[in-house]
Structure formats: structure tokens, C-alpha cells
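Structure first, then comments.
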Amino acid sequence: MSTPTLASLDRSLYPQVWEQQTFTDAHSLLIAMLMGNIKTDAKAFSDAFTRQLLANDTYQQWINFTVFGGYLQRHFIAFYRQTEDSFNADMPALFRRELIRHAQYLPLAQTLFLAGNMPKSVRLDKLLTATVNPATAVTNAQQAHKKSVTNHSEVVINQITVVGRQVVGFPIRHNKRTSERTRNEVLILDFQELRLVNEENVISKKRSNIDETMLLRYYELR
């Protein structure tokens, strides 16, 4: 059975208007948030963006394609990375192959976001959980920064663009009545290469909703 490709979510979402500003793509929306050009705080904006996603026909196709939710995603990744249970050493790979049977290719040019430093395990395991909600990435990055033991560490956000046709994954269905509802995550199960192509510091305006300097890293996923 051939693997289908998800419809382009970004093409159906953009351009869009927020606070009387028009944004042509996910990147321009993220930059406006980081620069303080959008005054709504990141958490409230994340809620608003999620409501827009849930009203989008393409996103409904994405999440209704799969039965897999956050509970399975969290436990699968924890199970896959366990090293103590040698008796079940083959199970993570079998579990992963079964999930891939129910996955799809991500569309070209799809933009994803990930808060914090890119885990070193991503390239080794070819596993990645990202979000299509830029405000969720900002919120998560700020929370991670507050918990950091390094006072001068930067707030890091990764923008990931799908540039290859062999990126396999599926959107994660979240319970609409819990705090998970704004995660809007995608679980990437397989890819050929994750490449860092650029990074820049984004300094927000004074009295904006983001006080720290943000380090924005750009990745290509193929």
C-alpha cells in the first residue's frame, strides 16, 4: 500500500489577518509575535490560533486521518528511548513500524515549530515532535527559558520547513477539553536529513509581550 501525502495545511491557512495585519505565511506570523507587533500574549494567541485551526477543513482532515493521540505519542517516545528493558529490545522498532503503516508524507513547504534546543537524539532516532502553532512554540520556549539554570541562555525557537518528499508522520489528536488542545503537534516518524541552514537573533520591541532576546534557528527537513 502506497503512503499518501497530507494536504497542504499552510496553503489553506495563509494569508490570514490578525490585529488588522495580514500575514502571508507562518514565518511572518512568528516574527510579528517575536517582535511584539502582535500585542496579544503568546498563551492567549495560542488559544486563538488553535480555534482557527479547528475551524479549518484541511486541519480537520489531518487530525481525523489518525486515531492516535497524545497519550500514545508520549508513551511511544519514552518506550522507544528506554535502554533498560533488554527483554523487549525489539518492541520499539516493531511499534514504530506499525505507526508508520498509519502515517502519511508531510506536504512540501509545510512549516513546523519546536521550542528549545534541538535534542541531539532527533537525528539519531529520526523522531521529532513539533507543532504547527507558532504561538505554542513561543509559549513553550519562554517556559523552558524560565526553568533554565543558565541565567543568560537565550530563548530558542526552531522553525522547520519540509523540503523533501519522504518525511513521514501524522498529526496528533488532542483532547479539546484539556490543556493539550493548543499543542497542535505533529509526530515525525522518519526522515532522511535534518539540516540547520541559518539562525538569527530577534529582539522584541520595548514593552512588548516578549522581553527576552529570541534565537530563531532555521532547519530544513527532507
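Can you tally the net charge around S12? Count Lys and Arg as +1, Asp and Glu as -1, for every other residue whose Cβ sits under 14 Å from the Cβ of S12.
-2
How charged is the neighbourhood of I100? Take every other residue with its Cβ under 11 Å from the Cβ of I100, and add Lys/Arg as +1 and Asp/Glu as -1.
With Lys, Arg at +1 and Asp, Glu at -1, the net is +2.
Under the Karplus relation 6.51 cos²θ - 1.76 cosθ + 1.60, θ = phi - 60°, what is the ordered set of whole-Hz ³J(HN,Hα) values for region 120-132, x standing for Gly and Pro?
Here the 3J(HN,Hα) series is 5, 6, 4, 5, 6, 8, 6, 10, 7, 10, 10, 10, 8 Hz.
So what does V17 come to for accessible area, using a 1.4 Å probe and Å² rounded to 10?
Counting only protein heavy atoms, the figure is 90 Å².
Which stretch or stretches of region 1-35 have amide N atoms under 19 Å from the point lying 7 Å from T58's Cα along the Cα→Cβ direction?
Taking a point 7 Å out along Cα→Cβ of T58, the residues of region 1-35 whose backbone N falls under 19 Å are 4-18, 22-31.
Please calculate the 1.4 Å probe accessible area of K39, with all protein chains present, and give it to the nearest 10 Å².
140
With every protein chain in place, what's the accessible area of Y105 (1.4 Å probe, Å², nearest 10)?
Approximately 50 Å² of Y105 is accessible to the 1.4 Å probe.
The values are calculated or read from the model by the stated rules, or taken from the named source; none is laboratory data. Being a predicted model, the structure only gives us computed values, none of them experimental. Quick reminder, even Gly has a Cβ in these numbers, built from the backbone with ideal geometry, and neighbours come from all protein chains shown. For accessibility, only protein heavy atoms count, side chains too; no ligands or nucleic acids. Shrake-Rupley method; radii C 1.70, N 1.55, O 1.52, S 1.80 Å.
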